[in-house]
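**Student:** I am attaching a structure below and will ask some questions about it afterwards.
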Amino acid sequence: MASATSPKPFDIAIIGGGISGLTLAIALLQHNIPLTIYESAHTFGEIGAGVAFGPNAALAMKLISPKIHDAFEKCKTANQWPSQAGSWFTARVGDARKADKDGLVREGKKVGDALFDVHFGSDRGRGGVYRAHFLDELVKEIPEGVAKFGKKLVNMSRVEDGSGDVECHFADGTKARHNAVIGCDGIKSATREWLLGKDDPAAKAVFSGKYAYRGLIPMDDAVNLLGEEVARNSQMFFGYHGHLLTFPIEKGKTMNVVAFNSCPEWKNPQWVITTSKEDMNADYASWGPHVQKIIRAMQKPDIWALFYHLPCSTFYKGRICLLGDAAHATTPHQGAGAGMCLEDSLIMSVLLKEATSLEDVERAFKAYDEVRRPRSQKNVVTSLEAGTLYDFELEGDDLDKIEPNFRGRMKWIWDIDLDEEIERAKKIYHGGAAKI
Ligand SMILES: Cc1cc2nc3c(=O)[nH]c(=O)nc-3n(C[C@H](O)[C@H](O)[C@H](O)COP(=O)(O)OP(=O)(O)OC[C@H]3O[C@@H](n4cnc5c(N)ncnc54)[C@H](O)[C@@H]3O)c2cc1C
C-alpha cells in the first residue's frame, strides 16, 4: 500500500498548464502522485489581465495546499477602502439611455451614482489578482522536469494490451503512455473532443452572444478620471445589451477593466481580435461619463468573444477525465470560472490521494464526476443568465427587480461547504450512497 513517502502505483498525464493544470499538479505532487504536465506553449503563461476569486475559491486554495493559498495571498488585491472591504461590486447604471427627462435612473440617482452594494457575506477571503503574477507564483511550486513544453495534444488512443493505459499523441509526432489522463486544456480542449466524440454538440464551445474588451489602467490615471471611491473599489455599470466592470489589482496599482457588449453571432475563427479605438468608442457612445472615460483610457482595443460549453453527460471515460475549463468553460459573468477550476482540483486531489490502484483511479474519476458536474454546469447556466441581468435583458431595465436578483444570486457559489463536498466525494468513492 502506498504511504506518504512511496509514490502511488499509477502515473498521470495532465494536459495543459493553466490555473487548472498547475493547481492540480501542486495538489497531486504533495500526495506523491507521479505526473507529467504537457503544455502546448513553449513556456507557462497567462494573459495580462485580472481575475477575481470569491470566498469559495479562496477556501478551495486553502484546502488544496498552503502553497497555492500563499501564492494567492501574495498577489491578491481587495477593495482599497476599508468601508468597501466586504463589497463584491457597487452597482451603478452606466448607460445614459436609462435616464428619464430629469436625468434620473432611480429616485435621487443619476447615471453613474452608486445604487447598492452586493456583499460577500463571509470572511473566507477573496480578491483580484494579476493573472500572470499568480501563475508565476504557482509555477515556482512545480519541480524541474515535471512539465514538458511544446507538447500539443492532438489525439489519444487506448493501449491494446488490456492495461487500460492511454497513449497521448502530440503535434510534434511524439507519443507518451500514461495510466491516466486529466485534460486541463481549457475551452478549446482536445481532450474533451476526444472524450465526447466530435459529433457531440457539447464537444465544442458555443458563442454566448457577448464579447468583452479587457484592459488595465494605471490606478493614478483611474483616480484622476473617476475619483478615489470609484477607481479604488469594485464597480459594475449596467446598460442596454452591455455592462462594464472594474476592480483593483496589483496591490491597488492598477485598475482592471472588462467591458461587455452583444452581437448575434461570431463568424471569425479567432476568438480574440484587435479592433480600432473608434469601434470601441462607438460601442459605448450612448453611455454616461464614467464609462466613456474608462473606455477612452483603455489603450489596446482587443475584443474577446465569449464562448461556453453546453452541458455534457460525463466528465470522464475510463481513465481519461476533464477538469477546469475543459470540463465546464463558462462566460465570466459570475467571476467564478477559475474558482470552479480550483474546486475541481481540490476534489480530484482528495480522491486520488485515497487511490491505491489503477482501478481506484477510475473510481476516483467517477466520484469526481458525480460531485463536480452538477455544480460546475449550474455555474455555466446561471452565469449566462447573470450576463443578461446586467445587460437589461433578464428583468428589463427595472432596477427594483435587478437589485434582489443580483444580491441573491451568488450565495450558492460563495457559501459552499467544501468540507462537506469532500466527505460526499469520499463517500461515493468508497461505495456509499451519494447525498445530494
Ligand atoms: C473575459 C474573462 C474574464 C474572466 N474573469 C474571471 C474572473 O474574474 N474570475 C474567475 O474565477 N474566472 C474568470 N474567468 C474564467 C477563467 O479565466 C477560466 O475559468 C480559467 O482561466 C480556466 O483555466 P484552465 O486552466 O482550466 O484553462 P486555460 O487557462 O485555458 O489553460 C489551458 C492550458 O492548456 C494549454 N492547452 C490548450 N490546448 C492544449 C493541447 N491540445 N495540448 C496541450 N496543452 C494545451 C493552454 O496553452 C493553456 O496553458 C474569466 C474568463 C474570461 C474569458
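Each reported figure results from applying straightforward, stated rules to the coordinates on display, with no laboratory input. Because the structure is predicted, anything quoted here is derived from the model rather than measured. All Cβ positions, glycine included, derive from the backbone under ideal geometry; neighbour counts span all protein chains shown.
**Student:** By the gyration tensor of its Cα atoms, with a ≥ b ≥ c the square roots of the eigenvalues, what is the shape of the stretch 1-81: rounded for a/c under 1.5, prolate for a/b over b/c, or oblate?
**Tutor:** Since a/c reaches 1.5 but b/c is at least a/b, the shape of the stretch 1-81 is classed as oblate.
**Student:** Related question: Using only the alpha-carbon atoms, how far is helix 399-408 inclined from the longest principal axis of the chain? Give it as 0 to 90 degrees, nearest 10.
**Tutor:** For helix 399-408, the angle is close to 30 degrees.
**Student:** Mind checking the angle between helix 55-64 and the chain's longest principal axis? C-alpha axes, 0 to 90 degrees, to the nearest 10.
**Tutor:** Roughly 20 degrees between the two axes.
**Student:** Is the stretch 51-122 best put as rounded, prolate or oblate by its Cα gyration tensor, with a ≥ b ≥ c the root eigenvalues, rounded for a/c under 1.5, and otherwise prolate when a/b is larger than b/c, oblate when not?
**Tutor:** prolate
**Student:** When only C-alpha pairs under 8 Å and at least 6 residues apart count, what is the relative contact order of the chain, in percent? Display every interim value, and only then the final one.
**Tutor:** Values: 905 pairs, mean separation 91.1, N = 436.
So the answer I get is 21 percent.
**Student:** Here's a follow-up. Roughly what % of DSSP beta bridges within the stretch 1-127 run antiparallel, to the nearest 5?
**Tutor:** 65 percent
**Student:** Still on this structure, please answer the following. In square nanometres, what is the average projected area of the Cα convex hull of the chain?
**Tutor:** Approximately 21.3 nm², given one-decimal rounding.
**Student:** Can you give me the convex hull volume of the Cα atoms of the stretch 228-276, divided per residue and expressed in Å³?
**Tutor:** 114 Å³
**Student:** How large is the translational diffusion coefficient of the stretch 1-146 in µm² per second when you combine the Kirkwood radius over alpha carbon pairs with Stokes-Einstein at 37 °C and 0.692 mPa s?
**Tutor:** My calculation gives 180 µm²/s for D.
**Student:** Which of the peptides 331-344, 151-164, 121-134, 246-259 is most tightly packed, and how do the rest follow, going by the mean number of other Cβ atoms within 10 Å of each residue? Don't skip to the answer; put the middle values down first.
**Tutor:** Working: 331-344: 25.9, 151-164: 14.3, 121-134: 19.2, 246-259: 22.1.
The peptides rank, most packed first, as 331-344, 246-259, 121-134, 151-164.
**Student:** Based on the mean of other Cβ atoms within 10 Å per residue, sort peptides 361-373, 379-391 so the most packed one is first.
**Tutor:** Numbers: 361-373: 22.4, 379-391: 19.9.
Top to bottom by mean Cβ count within 10 Å: 361-373, 379-391.
**Student:** Still on this structure, please answer the following. Could you put I187, I422, I12 in order, starting from the residue whose Cβ has the fewest other Cβ atoms within 10 Å? Provide the component values of the computation, followed by the final result.
**Tutor:** Working: I187 19, I422 16, I12 23.
So the residues, fewest neighbours to most, are I422, I187, I12.
**Student:** Just to check I understand the Karplus step: with θ = phi - 60° and J = 6.51 cos²θ - 1.76 cosθ + 1.60, what whole-Hz values come out for the stretch 329-344, glycine and proline as x?
**Tutor:** 4, 10, 5, x, 6, 10, x, 10, x, 5, x, 5, 4, 5, 4, 4
**Student:** Using θ = phi - 60° and the Karplus curve 6.51 cos²θ - 1.76 cosθ + 1.60, what whole-Hz ³J(HN,Hα) does each residue of the stretch 197-202 get, with Gly and Pro shown as x?
**Tutor:** Values, residue by residue: x, 4, 7, 6, x, 7 Hz.
**Student:** Going by the alpha-carbon gyration tensor, a ≥ b ≥ c the square roots of its eigenvalues, is the stretch 371-422 rounded (a/c under 1.5) or, if a/c is not under 1.5, prolate (a/b greater than b/c) versus oblate?
**Tutor:** Values: a/c = 5.31, a/b = 2.07, b/c = 2.57.
Cα axes put the stretch 371-422 in the oblate bin.
**Student:** Which of the residue pairs K188/K378; K204/K267; K98/K210; K98/K293; K253/K411 have a Cα-Cα distance greater than 22 Å in the structure shown?
**Tutor:** Long pairs (Cα-Cα over 22 Å): K253/K411.
**Student:** Tell me, Kirkwood radius of the stretch 316-409 from alpha-carbon pair distances, in Å?
**Tutor:** Values: mean 1/r = 0.0676 Å⁻¹.
Answer for the stretch 316-409: a Kirkwood hydrodynamic radius of 14.8 Å.
**Student:** Continuing with this model, one more query. Of all beta bridges DSSP finds with both residues in the chain, what is the antiparallel percent, to the nearest 5?
**Tutor:** 75 percent
**Student:** Based on the Cβ-Cβ distance from Q30 to D123, what FRET efficiency comes out when R0 is 35 Å, to the nearest 0.05?
**Tutor:** The calculated FRET efficiency here is 0.85.
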